[in-house]
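**Q** Okay, here's the structure, questions in a sec.
The values are calculated or read from the model by the stated rules, or taken from the named source; none is laboratory data. From a predicted model like this one, the values you see are computed outputs, not experimental measurements. Cβ placement follows ideal geometry from the backbone for every residue including glycine, while neighbour counts extend to all protein chains displayed.
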Amino acid sequence: MQNKLINLVVKSANQSKKQILSAVQPSRYLQDLNKKQAGQNKTVLITGASSGLGEGMARLFAKLGYNLAICARRVDRLECLQSELTAAYPNIRVEYQTLDVSDYDAIFDVFNAFAEKFGSIDRVVVNAGIGDSRRIGKGRFDTNRRTVEINFISALAQCEAAMSIFRAQNSGHLVVISSMSAMRGMPKHLTAYGASKAGLAHLAEGIRSDMLLTKLPIKVSTIYPGYIRTEINENAKPLPFEVDADTGTKAIVAAIEAGVEEACVPSLPWSFVGQALKHLPLKVVSTVS
Ligand SMILES: NC(=O)c1ccc[n+]([C@@H]2O[C@H](COP(=O)([O-])OP(=O)(O)OC[C@H]3O[C@@H](n4cnc5c(N)ncnc54)[C@H](OP(=O)(O)O)[C@@H]3O)[C@@H](O)[C@H]2O)c1
């Protein structure tokens, strides 16, 4: 009993050390994992891998030695990424499939086809998303509905498909890409987008809670990125604390590799901003979005 307790304390101390290093020095943390080839013989499935964060994550996971199952609608881009990554890392396997996540049945078909091809899937990153919501009550229900459908309902279908594979394997790591805008109700064009990402974060927490209850060895991580310059915001004016895609994806992959339950990325300043957003009066929050 005493030994079990000591092991538990040592394990959680090592875990927090890992998580602190990954948050404070993501590049250094990833360099260590690169040396160890932490992803060898493991497979990561990423949706929305044709650009931005998904494409960046694919590159970093490939460097760590992971096999990749990548999907999106722009299949020409996936094909280029496959050629680039298999040339750079001949020991990994990269498979791609075209997938429109608004076709819910296709999500199950594509995920299951990948699981069959690779034999197992170690991690699924629910990343595909869109960001073009509009102010509520301004006649753009079509755009807001699509945003919520892609970012929440399609993400639910991806979580369902991933969890059914993980349950059958009795192992796996589900990662969802939420957003800092999920922290509170957001004004202007961010209202529906933020609500979709808050729904996704809540969904992931519910799945994590269920894994705790049922003691299944399946990890669930929720990532809350701050502003990272990608196609989703390419026409936006300079954004608060924005970073480039390389910096952003390094912070995301480091947090995922550290096995965090939840992380605001990049950690500085977004973990502090996140805490502030949660506790500040709405009047203040509404002015900082
Ligand atoms: N960049 C940021 O500042 C930021 C901040 C917080 C959260 N996020 C989240 O991060 C995720 C990735 O965004 P990003 O910044 O990398 O933007 P991005 O460059 O626009 O990438 C979005 C990805 O989602 C895919 N996608 C969109 N609609 C799809 C559909 N119907 N079916 C399948 N795939 C679809 C796109 O692929 P195809 O068009 O080829 O299908 C693309 O690969 C999103 O969920 C976004 O909400 C981003």
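**Q** Would you be able to say whether some residue in region 146-164 is more than 20 Å from residue 46 (Cα to Cα) and touching a Cys at 6+ places or on another chain (Cβ under 9 Å)?
**A** No, because not a single residue in region 146-164 is more than 20 Å from residue 46 (Cα to Cα) and touching a Cys at 6+ places or on another chain (Cβ under 9 Å).
**Q** Let me ask another. Would you tally the residues in region 63-85 being away from the ligand (no atom under 13 Å from the Cβ), of a type in the set (A, V, I, L, M, F, W, C) and closer than 19 Å to residue 128 by Cα?
**A** 2
**Q** Which residue pairs have Cβ atoms closer than 8 Å, lie 6 or more positions apart in sequence or on different chains, and pair a first residue in region 86-103 that is over 22 Å from residue 37 (Cα atoms) and within 11 Å of the ligand (Cβ to nearest atom) with a second residue that is in a strand (DSSP E or B) and not hydrophobic (A, V, I, L, M, F, W, C)?
**A** From region 86-103, the pairs are 99/47; 101/47.
To keep it simple, each residue is scored yes or no on (1) more than 15 Å from the ligand (Cβ to nearest atom); (2) outside any helix (DSSP H, G or I).
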| site | (1), (2) |
| --- | --- |
| 163 | yes, no |
| 175 | no, yes |
| 181 | no, no |
| 190 | no, no |
| 204 | no, no |
| 209 | yes, no |
| 221 | no, yes |
| 239 | no, yes |
| 253 | no, no |
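**Q** Of everything in region 267-276 that's surrounded by 13 or more Cβ atoms within 10 Å (Cβ to Cβ) and within 21 Å of the chain's Cα centre (by Cα), which residue is nearest to residue 19 (Cα to Cα)?
**A** Checking each candidate, the answer is 267.
**Q** Scan region 121-142 for residues that are crowded, with 16+ Cβ neighbours inside 10 Å and either more than 21 Å from residue 204 (Cβ to Cβ) or at pLDDT below 95 (or both) and report the count.
**A** 3
**Q** Only one residue in 193, 227 is among the aromatic types (Phe, Trp, Tyr), surrounded by 14 or more Cβ atoms within 10 Å (Cβ to Cβ), over 30 Å from residue 34 (Cβ atoms) and out of contact with any strand residue (DSSP E or B) (no Cβ under 6 Å at 6 or more places or on another chain), so which one is that?
**A** Every option except 193 fails the conditions.
**Q** For region 202-224: of the residues being more than 12 Å from residue 174 (Cα to Cα) and in contact (Cβ under 8 Å) with a residue 12 or more places away in the chain, which is surrounded by the most Cβ atoms within 10 Å (Cβ to Cβ)?
**A** 224
**Q** Moving on. Of everything in region 105-118, what is without any contact (Cβ under 8 Å) to a residue 60 or more places away in the chain and away from the ligand (no atom under 11 Å from the Cβ)? Give them in sequence order.
**A** Those that are without any contact (Cβ under 8 Å) to a residue 60 or more places away in the chain and away from the ligand (no atom under 11 Å from the Cβ): 105, 108, 109, 112, 113, 115, 116, 117.
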